[in-house]
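The values are calculated or read from the model by the stated rules, or taken from the named source; none is laboratory data. Here the structure is a predicted model, which is why all the values come from computation and not from measurement. We place every Cβ from the backbone using ideal geometry, glycine too, and count neighbours over all the protein chains shown. In case anyone asks, the SASA skips ligands and DNA or RNA and just uses the protein heavy atoms, side chains included. Shrake-Rupley method; radii C 1.70, N 1.55, O 1.52, S 1.80 Å.
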Amino acid sequence: MSILYPHQNGVVLADASPDGGISLGGICPFAGAVSPNNGLPLTQLALVAFGAIGLDSSGWRVANISFLYSWKCGIFEGDFSYRIIDGAVDILEHASGNPNVEDFPYPDFPVVFPAKSYQARSLTLDERDQMTRVNEMTERDIPIDTDGPLWALTFPRHQFLGVPFLLDPDGSEKNCPQCSRPMFVLATIANQIDGFEQGFFGNDFVQVVYLACSECNVLSARNFAD
């Protein structure tokens, strides 16, 4: 199986704006956004309007995509798959258990982050081609020159659609848990969030990759660390 990037280009965060279509943090607007392991709220990493990132909304049953995750239960130890049906979160796949997460990923970690909205910036074709090359080099364990033009692209960042930087390209392939079709890379969420020095994860070299199946409206999240 190869990684699917069905969309030619992607978007990243631009300027903060109350009218922006990409919101980091915030309270999930859908019912049932709680951990099946411990009943705590799931952390909403982002809430994104289809129009803001240029994703065709046909076939999807919601106008916005909520990117959910949890570091406060066993969810982070495996694939976390869900869909939004009739205004509620339907969890399809999760790792069970309650590991010791009292100070994980860092002390006083907020399960819900304050929301902040941003405009979207489309990546150029040159940026896309450079990222494709970086991922190919990462997959083949080819060192990237720290003084070269590609080095700045070897760090996780928030990106929606297109070809994002992947800490583990081999691990970013998956079949839909509902229909078994190959899923495509929808988004990567990085550590950075304004107002929190330790960020979403407490580590700038962690990313959560979201794969999607538009046929089933399913999102599946995996975390990777370098």
Subject >> Enumeration of residues in region 195-215 that are out of contact with any Leu (no Cβ under 7 Å at 6 or more places or on another chain) and not small (G, A, S) >> reply: F196, E197, Q198, F201, N203, D204, F205, V206, C213, E215
**OP:** From M137, M131, grab the single residue that is of a type in the set (A, V, I, L, M, F, W, C), in a helix (DSSP H, G or I) and open to solvent by 10 Å² or more (accessible area, probe 1.4 Å).
**Re:** M137
Subject >> Hits in region 69-86 - residues which are assigned to a loop (DSSP other than H, G, I, E, B) and either within 14 Å of N37 (Cβ to Cβ) or open to solvent by 40 Å² or more (accessible area, probe 1.4 Å) (or both) >> reply: S70, W71, K72, C73, G78, D86
Subject >> Looking only at region 12-71, and only at residues there that are of a type in the set (V, I, T) and within 20 Å of G195 (Cβ to Cβ), the one that is farthest from the chain's Cα centre (by Cα) >> reply: I27
Subject >> Residue that is most open to solvent (accessible area, probe 1.4 Å), among those in region 42-66 that are at pLDDT below 90, among the hydrophobic types (A, V, I, L, M, F, W, C) and assigned to a loop (DSSP other than H, G, I, E, B) >> reply: A63
Original post:
Can you name every residue in region 165-178 that is open to solvent by less than 10 Å² (accessible area, probe 1.4 Å) and out of contact with any helix residue (DSSP H, G or I) (no Cβ under 7 Å at 6 or more places or on another chain)?
Top reply: S172, C176
Subject >> Hits in region 179-211 - residues which are open to solvent by less than 10 Å² (accessible area, probe 1.4 Å), part of a loop (DSSP other than H, G, I, E, B) and of a type in the set (G, A, S) >> reply: A190, G199
